[in-house]
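J.: Quick one: this structure, given as structure tokens, is what I'll be asking you about.
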Amino acid sequence: MVKKFFYGLLVVFALIQLFQPDRNTSSENLRTDLGNHYKIPDTVESLLNTICYDCHSNNTDYPWFINVQPVGWYMQSKVDRGKKHLNFSEFGNLTKEKAIRKLNEIDDVMKTNRMPLKAYKWYNPKADLSEQQRQAISSWAINLRDIIQKDSLNAVNPDSLGTTVPPPVTSTP
């Protein structure tokens, strides 16, 4: 009886492997991406890209065990939830008020050590931020929030404005 139960569980486990979650992967670099839209210091941008973007952007770098169900379903639900709450790939689409609110939330989660999630730190040791790294992200978020509150255009990354240089004027003889 125990043997049949074990084999039954093994068959169920094998069958659920056929149902893989949709992956959050995109190689597209959107103009609305946080780094393309706002000025970010290199150190903070590096931290956001390597730690925050997995759950809060349109591109997740998945570990190998995403392919093992039900672990993959759980992980994908966390990515979907994180992306729904804050998506750095579409941050440039936020209204001034919403951007300010999200930057306040970034400051808050850094100060209270609520992000990244413990489960994420378990398989990604780089995600265990030092106090100095947390402070850098928090300070950047508050500085950007203050700049946006005073003058939204002053916070915009000049490279994202899409200005084109006119061709040189040539004289004809």
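Read-outs throughout are calculated quantities, based only on the coordinates presented, and are distinct from any laboratory measurement. Please read all numbers here as calculations on a predicted model, not as lab measurements. Neighbour counts run over all protein chains shown; Cβ positions are idealised from the backbone, glycine included.
J.: How far apart, in nanometres, would the label points at LYS98 and THR112 be if each is projected 7 angstrom from Cα along the Cα-to-Cβ direction?
T.: Going from the LYS98 label point to the THR112 one covers 2.2 nm.
J.: Using a cut-off of 12 Å between beta-carbons, work out the net charge of the residues near GLU105 (Lys and Arg +1, Asp and Glu -1, GLU105 not included).
T.: Result for the local shell: +4.
J.: Using Rg and Dmax of the Cα atoms in Å as the read-out, say which of (i) 17.5, 70; (ii) 21.5, 99; (iii) 15.3, 44 was calculated from these coordinates.
T.: Checking each listed value against the structure points to (ii).
J.: Hey, another quick one. Using a Förster distance of 30 angstrom, determine the FRET efficiency expected from the C-beta separation of SER130 and VAL11, and round it to 0.05.
T.: Approximately 0.05, to the nearest 0.05.
J.: Which of PHE19, CYS52, LEU30 sits closest to the plus end of the dipole of segment 1-57, meaning its Cα is farthest towards the positive end, when Lys and Arg get +1 and Asp and Glu get -1 on the C-beta?
T.: With unit charges placed on the Cβ atoms, the residue in question is PHE19.
J.: In debye to the nearest 20, how big a dipole does segment 30-159 give about its Cα centre with +1 on each Lys and Arg Cβ and -1 on each Asp and Glu Cβ?
T.: On the way: 18 positive and 16 negative charges, 82 e Å.
That gives a dipole near 400 debye.
J.: Can you put PHE5, PHE88 in order, fewest other beta carbons within 10 Å first?
T.: Details: PHE5 9, PHE88 24.
So the ranking, lowest neighbour count to highest, is PHE5, PHE88.
J.: Could you derive backbone 3J(HN,Hα) for segment 108-118 from the dihedral phi with the Karplus parameters 6.51, -1.76 and 1.60 (θ = phi - 60°), listing whole Hz in sequence and x where the residue is Gly or Pro?
T.: Karplus values, whole Hz, x for Gly and Pro: 4, 5, 6, 5, 9, 6, 8, 10, x, 4, 4.
J.: Could you work out the local net charge near ASP128, counting Lys and Arg as +1, Asp and Glu as -1, over the other residues with Cβ closer than 13 Å to its Cβ?
T.: Residues close to ASP128 contribute a combined charge of +3.
J.: Continuing with the same structure: Using Cβ contacts closer than 10 Å as the measure, can you line up VAL12, VAL71, VAL2, VAL109 from fewest to most? If you can, show how the numbers build up before the last one.
T.: On the way: VAL12 9, VAL71 12, VAL2 6, VAL109 18.
Fewest-to-most Cβ neighbours within 10 Å comes out as VAL2, VAL12, VAL71, VAL109.
J.: Still on this structure, please answer the following. What does the charge count around GLU90 come to, taking other residues whose C-beta lies under 13 Å from its C-beta (Lys +1, Arg +1, Asp -1, Glu -1)?
T.: +3
J.: Given H placed 1.01 Å from N in the peptide plane, which residues other than close sequence neighbours of TYR38 have an amide H under 5 Å from its amide H?
T.: Counting only residues 5 or more places away or on other chains, the set is ASN157.
J.: Also, quick follow-up: Just want the ordering: ILE106, ILE16, from fewest to most Cβ atoms lying within 10 Å of their own Cβ.
T.: Numbers: ILE106 23, ILE16 14.
Taking fewest neighbouring Cβ atoms as first place, the list is ILE16, ILE106.
J.: On a full-extension model of 0.36 nm per residue, what is the gain between LEU18 and MET1, subtracting their alpha-carbon distance, rounded to one decimal in nm?
T.: 3.4 nm
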